[in-house]
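Asker: Take a look at the following structure, please.
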Amino acid sequence: ETTLRAAAAKAGLFFGVAASPGRLSSIVAQEFNQLTPENDMKPSTIATSSGGLQNTGNADTLVNYAQSNNMLVRGHTLVWHSQAGALQGASQATLNTFIGNALTRWGNRIAYWDVVNEALDDNNTGARRTVWPHTLNRDANGDGDLFDAGDTDVIRDSFIRAKQVVQANGLSTKLCINDYDVEGLTVQGGTPNRKANALYDIVRTYRQYIDCVGFQAHFNDNPNSIISNDLQANIQRFADLGVEVHITELDIDDDLSNNDIGQGQADNYRKVVRACLNVAGCTGITVWGIADSESWRASERGLLFTGGNGNYQKKAAYTAVLDEL
Ligand code: XIL
């Protein structure tokens, strides 16, 4: 095969890209068969303070483009502390209204929705973020966890709502939870990845409402999770829960100065693809942009192409991915 999408399809995966309307050059449809709006479906763009929809034009452009080019769409994202716009600090009731409006607005034109994004705290604590709406983090029966019927938990409650909407409307849209620093079983130095473990507990506990798990995979150079191959083991344990696993926002720093074991960016890309291919439940990989210069982390040069503005050149990382697929 000569394109990423053809090679991925043959291997049973989708291979996607994040994009905005201004980046829809021909390479998008040639190389990718899945599209994630990089910014245009975030609450900061499309949500009103009462959970209604506004400014859906760019999102529609992306969805229509994907549909005409036979690409899956990942909706990104419904409940997120960042780029929350008018939903910042909203009640669960308002979040639920928004979830209903967004899911029904696009229906089955969206194959996967990131219902909850980045719910877990940084620094490998395994704790929830504390910036969620005020209804959160009650522990109704005082047993120290948030998994009781009487507790209010934005993760659980958002997924329950999303699942209700999907079922009431006969949709096939799959509902995902997405996060970063959850990719490996361990973090640098072999410490257990408590954030990944917390995500695992959430998915296990709320399995009936959650269909898929996204590992963002904004990797620094030679992340422990790739070196030690525990990316694959971590994908496997989530897949064993019966959810689809996706690599949702892949970019890999090419900073060779930090490269202590002599692996390059192309090899790291190869390892990520291989880890996904090796687990049947890993059904797709999405890179977070086309060219390095257009990336949200441009200085890391973490993507598959150089160039820009529709004029792109393939990097060694591109060739490695195509070959590995
Ligand atoms: C980033 C976009 O790439 C940027 O253009 C924007 O300025 C900020 O958001 N995790 C996510 C994505 O889930 O939505 C973020 O995208 C990158 C980190």
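Asker: Can you tell me which residues in region 211-249 are among the polar types (S, T, N, Q), within 16 Å of the ligand (Cβ to nearest atom) and crowded, with 20+ Cβ neighbours inside 10 Å?
Answerer: Gln216, Thr248
Asker: Restrict the check to region 52-62 and report whether at least one residue is of a type in the set (A, V, I, L, M, F, W, C), buried (at least 17 other Cβ atoms within 10 Å of the Cβ), under 21 Å from Trp296 (Cβ atoms) and within 15 Å of the chain's Cα centre (by Cα).
Answerer: Among the residues of region 52-62, not one is of a type in the set (A, V, I, L, M, F, W, C), buried (at least 17 other Cβ atoms within 10 Å of the Cβ), under 21 Å from Trp296 (Cβ atoms) and within 15 Å of the chain's Cα centre (by Cα), which makes the answer no.
Asker: I'd like to check something: does region 172-191 contain any residue that is under 15 Å from the mean Cα position of the chain (by Cα), crowded, with 20+ Cβ neighbours inside 10 Å, of a type in the set (A, V, I, L, M) and not in a strand (DSSP E or B)?
Answerer: Among the residues of region 172-191, at least one is under 15 Å from the mean Cα position of the chain (by Cα), crowded, with 20+ Cβ neighbours inside 10 Å, of a type in the set (A, V, I, L, M) and not in a strand (DSSP E or B), which makes the answer yes.
Asker: Among the residues of region 65-100, which ones are within 16 Å of the ligand (Cβ to nearest atom) and among the β-branched types (Val, Ile, Thr)?
Answerer: Hits for region 65-100 are Val73, Thr77, Val79.
Asker: Okay, next question. Just for strands (runs of 3 or more DSSP E) wholly inside region 206-321: which have at least 2 residues that are more than 27 Å from Ser26 (Cα to Cα) and of a type outside the set (S, T, N, Q)?
Answerer: It comes to 212-215, 244-252.
Asker: Then there is this: Just to verify a result, which residue in region 101-129, among those that are among the β-branched types (Val, Ile, Thr) and out of contact with any helix residue (DSSP H, G or I) (no Cβ under 6 Å at 6 or more places or on another chain), is nearest to the ligand (Cβ to nearest atom)?
Answerer: Only one residue tops the list, namely Ile110.
Asker: In addition: Yes or no: Ala275 more than 16 Å from the ligand (Cβ to nearest atom), more than 18 Å from Gln34 (Cα to Cα) and at pLDDT below 95? Can you show your working first?
Answerer: Details: more than 16 Å from the ligand (Cβ to nearest atom): yes; more than 18 Å from Gln34 (Cα to Cα): yes; at pLDDT below 95: no.
Judged against the criteria, Ala275 is not a match.
Asker: Oh, and also: In region 284-300, which residues are more than 8 Å from the ligand (Cβ to nearest atom), buried (at least 21 other Cβ atoms within 10 Å of the Cβ) and in contact (Cβ under 8 Å) with a residue 24 or more places away in the chain? I'd like the intermediate steps shown before the answer.
Answerer: So the first thing to find is which residues in region 284-300 are more than 8 Å from the ligand (Cβ to nearest atom), and the list is 284-287, 290-294, 297-300.
From what is left, the residues that are buried (at least 21 other Cβ atoms within 10 Å of the Cβ) are 284-287, 290-292.
Correct list: Gly284, Ile285, Thr286, Val287, Ile290.
Asker: Can you tell me which of (1) over 18 Å from the mean Cα position of the chain (by Cα); (2) modelled with pLDDT under 95 is the one Asn220 doesn't meet?
Answerer: (1)
Asker: Any idea which residue in region 93-127 is surrounded by the most Cβ atoms within 10 Å (Cβ to Cβ), counting only those that are at positive phi and assigned to a loop (DSSP other than H, G, I, E, B)?
Answerer: Within region 93-127, the match that is surrounded by the most Cβ atoms within 10 Å (Cβ to Cβ) is Glu118.
Asker: Taking the condition of being more than 17 Å from Val287 (Cβ to Cβ) and within 12 Å of the ligand (Cβ to nearest atom), how many residues in region 1-48 meet it?
Answerer: Going through region 1-48 one residue at a time, the tally reaches 7.
Asker: Determine, yes or no, whether Val187 is among the β-branched types (Val, Ile, Thr), away from the ligand (no atom under 16 Å from the Cβ), out of contact with any strand residue (DSSP E or B) (no Cβ under 8 Å at 6 or more places or on another chain) and at pLDDT 95 or above.
Answerer: Against the criterion (among the β-branched types (Val, Ile, Thr), away from the ligand (no atom under 16 Å from the Cβ), out of contact with any strand residue (DSSP E or B) (no Cβ under 8 Å at 6 or more places or on another chain) and at pLDDT 95 or above), Val187 does not qualify.
Asker: Against the condition under 18 Å from the mean Cα position of the chain (by Cα) and more than 19 Å from Ala320 (Cβ to Cβ), how does Val272 come out, does it pass?
Answerer: For Val272, the condition - under 18 Å from the mean Cα position of the chain (by Cα) and more than 19 Å from Ala320 (Cβ to Cβ) - is not met.
The values are calculated or read from the model by the stated rules, or taken from the named source; none is laboratory data. Treat the numbers as computed from the prediction; the structure is a model and nothing was measured. Every residue, glycine among them, receives a Cβ derived from its backbone with ideal geometry; neighbour counts consider all protein chains shown.
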